[in-house]
Amino acid sequence: MRMAAQSPWRLRRYGVHPGARRPGRCAARRSRARGMRLTEANDTARRRDLEIIGEFPALPASPEKPAVVRQATVFRIYPNKAQEEALRQWAGAGRWFWNKCVEINQQLYVYEGRFAFHGELSALLPEMKAAEILAWLKEPPAIHLVDVSRRFDKALRDFLDDRQAVRAGRKTAAKAKDFPKFKSKRDRDVSIYLPGSALKLIRRQAAAPDKARGWVELPGMDETQVWTRVKRQGRIEEKRVNVRRAIRVRGGRWPEGTIRSATIKREGGAWFLSVQFDGPPPKKIERPSLPAPADKPVHPDPTANNGPAVDPNAGPETAAVGYDAGLKNLLIGSDGSWKPVGWNLRKAEKKLKREQRAASRRTQRRLEMEKREGRKLPKSSGERKAHARVAATHRQVRRRRSDLLHQTSHRATAKAGIVCVEDLNVAGMARNKHLAKSVADAGLGEVQRQLEYKSRWRGRHFVKLDRFDASTQTCSGCGHRLEGETKLSLFDRRWTCPSCGEAHDRDENASLNVLRWGLHKLIRRGTSEVTPGKSGALAAGPNPSGKRRKGKGLRRTRSRREAANSARGTGNVGASQDLVSRELLQ
């Protein structure tokens with residue numbers, strides 16, 4: 001019995017494209033042959049990798065592993081209604097003080113032609129708290145309001161620096177930062193800064209060793225009072241009650257060491273606690289593993305793709321590995337390993353479009369009602385929920401990307417004693433309208449940042465090559481460099497060297513060049529960390545052509561920056577001076 005003809009849109013709905021054919025025997029045979037070629041290419045790259053390492057008989061010894069490093073861990077906190085109301089009051093106090101700082105600086109510039117910085121603004125807090133009408137400023141932790149003043153100082157100095165750069169012609173007005181703006185109650189960036197000494201974490205003893213469960217005690221939470229509604233004799237009354245102090249927390253890793261600071265943030269409808277601490281580098285946690293099925297044996301080779309996890313505390317498996325980053329594969333190693341890009345944003349685009357359209361329809365409906373009635377209307381609960389669903393989807397995409405990048409950087413730094421990467425102009429690549437979304441979704445800049453600090457944590461050498469080194473355009477066998485019309489474009493994935501006739505894969509050839517040039521720089525410098533600025537004097541290695549490169553360099557040195565800041569003034573004056581008039585505080 002023949003099935004009824006399906007329309008093209010219905011076929012696309014179920015993932016079947018019109019005109020597509022089922023893969024037959026030839027297609028399956030081609031797929032198996034492609035997999036065989038991939039395996040052979042990996043084996044060939046592995047042999048080339050060992051040959052390059054053999055060219056350097058005396059590699060520097062591994063640096064000492066630091067005993068204490070600065071780390072951060074994130075917990076999900078579950079405050080009750082009273083605790084959440086207290087956190088909202090703390091965030092509201094910080095928002096009010098930020099807006100007051102903006103207002104004070106606006107009026108100071110109009111009447112006196114100057115600005116107030118962190119020293120003057122933080123000195124106003126005791127006077128504000130002494131006023132009876134502003135007694136509620138005593139409820140949040142004092143350091144939280146001081147941190148608001150510090151962040152406003154940074155935003156104001158960035159605005160002044162960018163304005164000076166625009167006048168000097170170093171930056172366009174479109175890219176310069178604006179004057180700090182007022183914050184609304186509906187803003188999404190809600191954060192509360194806390195000192196490490198005032199934070200107390202209580203771990204649940206019954207929790208598993210690899211899970212962080214417990215409670216957190218916040219400073220001043222007992223003294224904070226919130227309004228709650230109670231029903232007495234059939235009437236609804238409001239009274240102030242003290243909130244409970246301990247808040248339940250749940251996270252991935254419990255901090256070990258001295259807690260430096262903590263920040264409470266709200267993303268969507270969830271609250272998170274980010275704790276920064278100084279402690280030993282993270283260790284491998286032994287988790288109970290289930291026996292592997294008979295039809296799926298475990299790969300004994302730890303360097304194979306999708307193999308078992310690598311212990312970062314153990315010694316490196318190989319001497320050195322060079323990594324080339326790309327948009328198809330996130331990292332391509334000189335040992336034949338590769339990690340594909342997750343494409344988390346592109347996978348969630350269909351869901352995001354549907355949720356954003358639903359939120360846009362509700363917003364447009366409210367705007368039409370405002371225009372019809374001639375007054376401003378508040379957002380409905382349905383509109384808030386629609387925008388919350390969009391924010392939750394973006395948060396899920398961001399976490400999936402972060403999880404992939406951390407797994408990739410962990411494995412890359414744990415298995416190699418020397419990690420060589422190539423510096424990329426990620427900001428310039430993001431300005432390309434054809435590549436901007438892919439570059440942002442891949443996270444190229446973040447994976448390089450993680451490779452750098454994780455190499456330092458685990459006692460590995462980290463070498464970063466200059467971004468102008470032609471690793472893709474240079475043959476890893478004979479060193480011939482393609483020039484002029486023979487240069488490779490983004491569409492050329494495989495090419496043959498015109499000098500030696502060797503066939504290359506674009507990414508594997510670049511990773512081999514990164515490995516060789518990185519070892520050259522590491523031996524000449526003799527340091528555990530080599531950056532492009534420190535290795536600019538090296539003539540051999542990554543520049544076989546011998547041509548001089550042109551670069552802008554640092555236009556503004558540290559001495560000039562300090563001189564500009566001192567000329568502008570820090571804003572810290574004596575207490576005897578009249579900082580701000582009494583009218584500005586009212």
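The values are calculated or read from the model by the stated rules, or taken from the named source; none is laboratory data. These numbers come from a predicted model, not from an experiment. So basically every Cβ, Gly included, is an ideal-geometry build from the backbone, and we count neighbours across all protein chains shown. Side chains are part of the model used for accessible areas, which takes the heavy atoms of the whole protein and leaves out ligands, DNA and RNA. Shrake-Rupley method; radii C 1.70, N 1.55, O 1.52, S 1.80 Å.
Take peptides 473-481, 454-462 and line them up by average Cβ neighbours within 10 Å, highest first, as a rough protection proxy.
Taking the mean over residues of other Cβ atoms within 10 Å, the ranking is 454-462, 473-481.
Counting only protein heavy atoms and a 1.4 Å probe, tell me what percentage of the stretch 310-391's accessible area is made up of carbon and sulfur. Walk me through the numbers on the way to the answer.
Numbers: 2510 of 4830 Å².
Using a 1.4 Å probe with all protein chains present, the stretch 310-391 comes out at 52 percent carbon and sulfur.
Of Lys185/Lys433; Lys433/Lys487; Lys464/Lys487; Lys347/Lys385; Lys376/Lys437; Lys283/Lys339, which pairs sit farther than 26 Å apart, going by alpha carbon to alpha carbon?
Lys185/Lys433; Lys376/Lys437
Which distance in Å, rounded to a whole number, links the C-alpha centroids of the stretch 138-195 and the stretch 405-440?
29
Ranked from highest to lowest mean number of other Cβ atoms within 10 Å per residue, what is the order of the peptides 91-100, 317-326?
On the way: 91-100: 19.6, 317-326: 23.2.
Order by mean packing, descending: 317-326, 91-100.
At a 1.4 Å probe radius, which order do Lys521, Lys81, Lys65 fall into by accessible area, largest first?
Details: Lys521 5, Lys81 180, Lys65 90 Å².
Largest accessible area first, the list is Lys81, Lys65, Lys521.
Taking all protein chains together and a probe of 1.4 Å, list Leu50, Leu160 from the most accessible to the least accessible.
Greatest to least solvent exposure: Leu50, Leu160.
Which whole-number percent gives the relative contact order of the stretch 379-459, counting Cα pairs below 8 Å spaced six or more residues apart?
37
Using a probe of 1.4 angstrom, how much of the accessible area of the stretch 44-109 is carbon and sulfur, in percent?
Details: 1710 of 3310 Å².
Carbon with sulfur: 52 percent of the solvent-accessible area.
Per residue, what accessible area does the stretch 321-379 have, given a 1.4 Å probe and all protein chains present, in Å²?
Roughly 63 Å² per residue, with all protein chains present.
Would you work out the relative contact order for the stretch 105-179, in percent, from Cα pairs under 8 angstrom that are 6 or more residues apart?
Computed over the stretch 105-179, the figure is 22 percent.
Beyond a 24 Å Cα-Cα separation, which of these cross-linked pairs lie in this structure: Lys100/Lys175; Lys65/Lys415; Lys265/Lys353? Let's see the in-between values first.
Values: Lys100/Lys175 26 Å; Lys65/Lys415 15 Å; Lys265/Lys353 27 Å.
Result: Lys100/Lys175; Lys265/Lys353 exceed 24 Å.
Between His406 and Thr363, what length comes free when the chain is fully extended (0.36 nm per residue of separation minus the Cα-Cα distance, one decimal in nm)?
11.7 nm
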